Amino acid sequence: MWQEVFHSDKNLWATKGLPKPIQDDEDVVFVVREDLAILVFKMLELLLIFTFLLLIRLLVASFLEAGWVALYDTIFFTLNTILILNFALFFHNYYLSLQIVTNLRVIDVEQNGLFNRRANQLALKNIQNITYKQNGLLPYIFNYGDVIIETAGQHDPVRQDGGFVFQNVPKPAIVVEKLKALSLDKK
């Protein structure tokens, strides 16, 4: 059942920049990343901006002289190049940010920009509480949300909740259920 919801990658440890297994018997249970809806929403946002710029281009072409149209075409091309690069960077961060759950620990890998990666890890036996939240209509409709993992005395000044947060993961209730089952097995 879990293989249908989340994908497991036995070759994940060979990926450059990820934490290595603690023990030889450590296996990946499941891997999650932000819901695909987040990527689609970003693509729709950029498509809306492109459409707006194209409409302005058509208005400029119909009311201004050829010299001004050429200037706007240069600006239009530049702005669209920036939009494409923006989406490429967003996709890069989306694809390389993931949460790995093994039979011994939870690893949260966050990619911010091209050269900024942060990996946090937490032993399953140290988990005190696991909850999830879905704020807003879109997370409710598309069934994604934040999974919050808490440990005793944990405080991270970077995160607002003071916990270990998987942001915008698909089917957060199932992730919480599976993490609770794994953490109870380790206690």
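Quick check on region 143-151. Is at least one of its residues open to solvent by less than 20 Å² (accessible area, probe 1.4 Å) and at pLDDT below 90? No, there is no match, as no residue in region 143-151 is open to solvent by less than 20 Å² (accessible area, probe 1.4 Å) and at pLDDT below 90.
Name every residue in region 124-142 that is open to solvent by less than 30 Å² (accessible area, probe 1.4 Å) and within 21 Å of residue 185 (Cβ to Cβ), in order of residue number. Write out each step before concluding.
Of all residues in region 124-142, those open to solvent by less than 30 Å² (accessible area, probe 1.4 Å) come to 124, 127, 130, 139.
If the condition is that a residue be open to solvent by less than 30 Å² (accessible area, probe 1.4 Å) and within 21 Å of residue 185 (Cβ to Cβ), then 124, 127, 130 are the ones that fit.
The rows are residues; the columns are (1) under 25 Å from residue 111 (Cα atoms); (2) open to solvent by less than 50 Å² (accessible area, probe 1.4 Å); (3) at pLDDT 80 or above.
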{"position": "5", "(1), (2), (3)": "yes, yes, no"}
{"position": "28", "(1), (2), (3)": "yes, yes, yes"}
{"position": "42", "(1), (2), (3)": "yes, yes, yes"}
{"position": "45", "(1), (2), (3)": "yes, no, yes"}
{"position": "53", "(1), (2), (3)": "no, yes, yes"}
{"position": "58", "(1), (2), (3)": "no, no, yes"}
{"position": "71", "(1), (2), (3)": "no, no, yes"}
{"position": "85", "(1), (2), (3)": "yes, no, yes"}
{"position": "88", "(1), (2), (3)": "yes, no, yes"}
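Of the residues making up region 93-115, those that are buried (at least 18 other Cβ atoms within 10 Å of the Cβ) and over 22 Å from residue 176 (Cα atoms) number 1.
The values are calculated or read from the model by the stated rules, or taken from the named source; none is laboratory data. Given the structure is predicted, the values throughout are model-derived calculations rather than measurements. Methodologically, a virtual Cβ is constructed for each residue, glycine included, from the backbone with ideal geometry; neighbour enumeration extends over all protein chains shown. Keep in mind that these areas ignore ligands, DNA and RNA; they rest on the heavy atoms of the full protein, side chains included. Shrake-Rupley method; radii C 1.70, N 1.55, O 1.52, S 1.80 Å.
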